[in-house]
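Accompanying notes for the structure given below.
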Amino acid sequence: RKTREVIGKYGNIISESFKKFIACQLLDSCILGIITTIEFSVLGSRHAVALGMMLAILNIIPYFGSIFGSIIAVIVVASTNGIGTGLITAVVLLITQQIDGNVIQPKLMGNSFSLSPALIVIGISIGGSVAGVWGMILAIPIVNIVKQITDDMITAREAAVLEAERYADADMLQHEDI
């Protein structure tokens, strides 16, 4: 029965982790889509909304999606607004992607999962080096699960130590009474 409870508990944590991850990815993509649509509009692109939506959709794929989307956007802007505007777009998107990848997304994920942004970046890096794109996609839920299990093990260990100290104190009191 206890094993079933533990499996159920961690099964729920896994399920909730993936739900939160997907919700955060979608929110981050919407934020990026809005920001880039505004940037494309300011730069004078006739395709600002379409390019912003494309970047939002491709941003769901960690790292590679935003790179691929940015390359397409730069090509479209350079083709329709000139090479100079295309180069400015490349710089603007590079800055935007850096802010998104290093500030916005880790902050969203960190708040949702109670993980530090540094731990999120480290997890994604390790996930990518171990399992490629799938490792990057699954890294945050896995880090959250490992953190939860580690926290539970530490809590159980602390409870066991306190229990042992209580028995030791009770045993000492009993020996003093004798």
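If you filter the stretch 61-89 down to residues that are modelled with pLDDT of 90 or more and of a type in the set (S, T, N, Q), you find that the one that is surrounded by the fewest Cβ atoms within 10 Å (Cβ to Cβ) is Ser79. Select from the stretch 40-51 the residues that are surrounded by fewer than 19 Cβ atoms within 10 Å (Cβ to Cβ) and in contact (Cβ under 8 Å) with a residue 12 or more places away in the chain and list them in ascending order. Within the stretch 40-51, Leu43, Gly44, Arg46, His47, Val49 qualify.
If you go through the stretch 102-113 and keep only what is within 18 Å of Ser17 (Cα to Cα) and either touching a residue at least 12 places away in the same chain (Cβ under 8 Å) or aromatic (Phe, Trp, Tyr) (or both), you end up with Gln105, Pro106, Leu108, Met109, Ser112, Phe113. Yes or no: Pro141 at pLDDT 85 or above, surrounded by 12 or more Cβ atoms within 10 Å (Cβ to Cβ) and closer than 17 Å to Ala23 by Cα? So Pro141 passes the test.
Just so you know, in the stretch 126-138 the residues that are over 21 Å from Leu32 (Cα atoms) and free of Cβ contacts under 8 Å to residues at least 40 places away in the same chain include one that is most open to solvent (accessible area, probe 1.4 Å), and it is Trp134. Looking at Phe68, Phe64, Phe21, just one residue is closer than 24 Å to Val133 by Cβ, touching a Pro at 6+ places or on another chain (Cβ under 8 Å) and of a type outside the set (D, E, K, R), and that residue is Phe21. I'd like to know if the stretch 144-162 contains one or more residues that are touching a residue at least 60 places away in the same chain (Cβ under 8 Å), surrounded by 10 or more Cβ atoms within 10 Å (Cβ to Cβ), of a type in the set (S, T, N, Q) and more than 15 Å from Cys24 (Cα to Cα). Looking through the stretch 144-162, at least one residue is touching a residue at least 60 places away in the same chain (Cβ under 8 Å), surrounded by 10 or more Cβ atoms within 10 Å (Cβ to Cβ), of a type in the set (S, T, N, Q) and more than 15 Å from Cys24 (Cα to Cα). Which one is farthest from Pro62 (Cα to Cα), of the residues in the stretch 6-39 that are among the charged types (D, E, K, R) and in contact (Cβ under 8 Å) with a residue 40 or more places away in the chain? Per the stated criteria, the residue is Glu39.
The values are calculated or read from the model by the stated rules, or taken from the named source; none is laboratory data. Remember, predicted model here, so these are calculated numbers, not experimental data. For neighbour counting, all protein chains shown are included, and Cβ atoms are generated from backbone atoms with ideal geometry for every residue, glycine included. All accessible areas refer to the heavy atoms of the entire protein, side chains included, with ligands and DNA or RNA removed. Shrake-Rupley method; radii C 1.70, N 1.55, O 1.52, S 1.80 Å.
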